[in-house]
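All remarks here apply to the structure that follows.
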Amino acid sequence: MFDTISVYFLYFLAYSIFGWAWEVFLSFVREHKFVNRGFLNGPYCPIYGAGALLFIQFQHFTDRPVELFFGGAVAACIMEYIVSVALEKAFKARWWDYSQYPMNLNGRICLYGFIVFGIFSAVMPHVQSVVASYIESWPIDLRRAISATAMVLFIIDIFATTSALAKFNEILRKYQKHFKLPLFIEQKLNQGRQIFSFQQIRIMKAFPDFISIPYAESMKRLRQLNAKARAQFKKDKFQPTPPPKKKKH
């Protein structure tokens, strides 16, 4: 039983890493820089891993490429829509927005995603055969050890991320409460000091459309201030230090 769980968790982890690499690649093509595009800190996107496990089960019913394409695309879009709603309810925030894409549904899913998911689903049997043969070739003890270690780190990562997000909303709540006042927060940012943790900054970078629903105005303002402070910090950091002035005798 545990061996089966460990194998499927390794499948989940492998496809989560593949999905993360895909998202990072797309981000690099668009922005020409590396951005950790995962919800969590590690190099994995769990939604891809969960989708892959769903596809693996779906393959038991058909192996026809057309059916895999449409069945997988529909299932993946349903899952993406549910995850979007669940994250919004859990954190009172919108994580992504496809409103600018054609044929989108409430900005949560779109035709582009449907096509990409469908392509992944159609090629999934070929990819899974390679992944399965590789992982299942490992000794049982090695599989169990890697799976157990990865699972513990994964759970720690979830707790660290959710904790940072909870504190994030608290910062936004305090800021919005005193929104019209010359705040200590703005002074800190203007001095090049950070009010956001590494986790919170990473989330804002990973999800450019991330917005807190109850504190949208605060978030917009603090994003601007944070970007301004970081740009000023980089400018000052690389600014050559002028030579000391000679004293006149």
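Here is how the numbers come out for the structure above:
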item: Any hit, segment 156-179, residues being part of a loop (DSSP other than H, G, I, E, B) and modelled with pLDDT under 75; result: yes
item: Matching residues in segment 58-109 - criterion: being assigned to a helix (DSSP H, G or I) and of a type in the set (V, I, T); result: V66, V74, I78, I82, V83, V85
item: Residue satisfying all of: in segment 208-243; part of a loop (DSSP other than H, G, I, E, B) and at pLDDT 75 or above; farthest from F34 (Cα to Cα) among these; result: P214
item: Any pair with Cβ under 9 angstrom, 6 or more apart, that starts in segment 71-84 at a residue that is closer than 16 Å to F61 by Cβ and ends at one that is assigned to a helix (DSSP H, G or I) and among the polar types (S, T, N, Q); result: G71/S121; G72/S121; A73/S121; A75/S121; A76/S121
item: Inter-residue pairs, beta-carbon under 9 Å, first in contact (Cβ under 8 Å) with a residue 40 or more places away in the chain and closer than 20 Å to A50 by Cβ and in segment 121-142, second loosely packed, with under 12 Cβ neighbours inside 10 Å and not polar (S, T, N, Q), 6+ apart; result: A122/V66; P125/D63
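The values are calculated or read from the model by the stated rules, or taken from the named source; none is laboratory data. Remember, predicted model here, so these are calculated numbers, not experimental data. Every residue, glycine as well, gets a Cβ built from its backbone with ideal geometry; the counts of neighbours run over all protein chains shown.
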